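Single-structure report; data block below.
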Amino acid sequence: MYSDKYSLCFQPDEVLIEQVKTLKLQLGEAIGWYNSKNSLAHLTIAEFQASEADIQRMQQQIQRCCTSFTPVETYLTEFGTYPNGTFFLAVDAIAKPQLREYAQKLFQTLQLKKAYKCTDPHLSIGRKLDPYKIQQAYALFEQPDLHFTCNQIVLRRLNTQRRQFDILSTYPFLSQPLIEDTQLTLF
């Protein structure tokens, strides 16, 4: 069965996308090319392989989940790193548990097999950076003060020619109760 690589992400607004693009360009000027330099700002929920039939099924499930999600005010006020060389903008302590809860709901609903699942919401600036380049990144930037309303999830497919993900579908958070929840309260 043929499958493509997909990514499910929290997608910030255009203002934050441009702010992050500026940070990535500044880092590129300081350290040269690096992984994630050209990727659009996003907070990865999961990456996985799926067939076209799987995606058709998943799209309805994602839509159903997002219908019940409420927008989350999200602040990115510090940088962080992971041992794998990822330099990122950290999600604030108030928004992080809510975004984790949404990701868990999606994991349970979609039942993704053999997927990379992100359990710590963050916005990557660069990946696979060596310790010296991470040190340069910290020296380059002042403490960030960025903010966006997290109000949508996007489904993306890897474009093998560009080696970047293309957005296939956008799912807005609609703050509506789940139908099952309503039905259960009637009985």
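The values are calculated or read from the model by the stated rules, or taken from the named source; none is laboratory data. Computed from a predicted model, the values in this text were never measured in an experiment. Cβ: placed from backbone, ideal geometry, glycine included. Neighbour counts: every protein chain shown. In case anyone asks, the SASA skips ligands and DNA or RNA and just uses the protein heavy atoms, side chains included. Shrake-Rupley method; radii C 1.70, N 1.55, O 1.52, S 1.80 Å.
For (1) among the polar types (S, T, N, Q); (2) within 30 Å of LEU178 (Cβ to Cβ), each residue gets a yes or a no:
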| site | (1), (2) |
| --- | --- |
| LEU16 | no, yes |
| SER36 | yes, no |
| GLU52 | no, yes |
| TYR75 | no, yes |
| PRO83 | no, no |
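Would you point out the residue of the range 95-118, among those that are open to solvent by 90 Å² or more (accessible area, probe 1.4 Å) and not acidic (Asp, Glu), that is modelled with the lowest pLDDT?
Result: LYS113.
So that you can scan it fast, the table gives a plain yes or no per residue for (1) within 18 Å of the chain's Cα centre (by Cα); (2) part of a helix (DSSP H, G or I):
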position: SER39; (1), (2): yes, no
position: GLN49; (1), (2): yes, no
position: GLN56; (1), (2): no, yes
position: GLY80; (1), (2): yes, no
position: ARG100; (1), (2): yes, yes
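Which one is nearest to ILE153 (Cα to Cα), of the residues in the range 18-41 that are without any contact (Cβ under 8 Å) to a residue 60 or more places away in the chain and exposed (fewer than 15 other Cβ atoms within 10 Å of the Cβ)?
Top of the filtered list is GLU18.
Look at LEU146 and say whether it is under 19 Å from SER36 (Cβ atoms), in contact with a strand residue (DSSP E or B) (Cβ under 7 Å, 6 or more places away or on another chain), open to solvent by less than 10 Å² (accessible area, probe 1.4 Å) and at pLDDT 95 or above.
Judged against the criteria, LEU146 is not a match.
Could you tell me which residue of the range 80-94 is nearest to ARG127 (Cα to Cα), considering only residues that are touching a residue at least 40 places away in the same chain (Cβ under 8 Å) and open to solvent by 30 Å² or more (accessible area, probe 1.4 Å)?
Step by step, filter the range 80-94, then rank; the result is ASN84.
How many of the residues making up the range 114-164 are touching a residue at least 24 places away in the same chain (Cβ under 8 Å), more than 15 Å from THR81 (Cα to Cα) and either in a loop (DSSP other than H, G, I, E, B) or more than 18 Å from the chain's Cα centre (by Cα) (or both)?
Residues flagged as touching a residue at least 24 places away in the same chain (Cβ under 8 Å), more than 15 Å from THR81 (Cα to Cα) and either in a loop (DSSP other than H, G, I, E, B) or more than 18 Å from the chain's Cα centre (by Cα) (or both) within the range 114-164 amount to 4.
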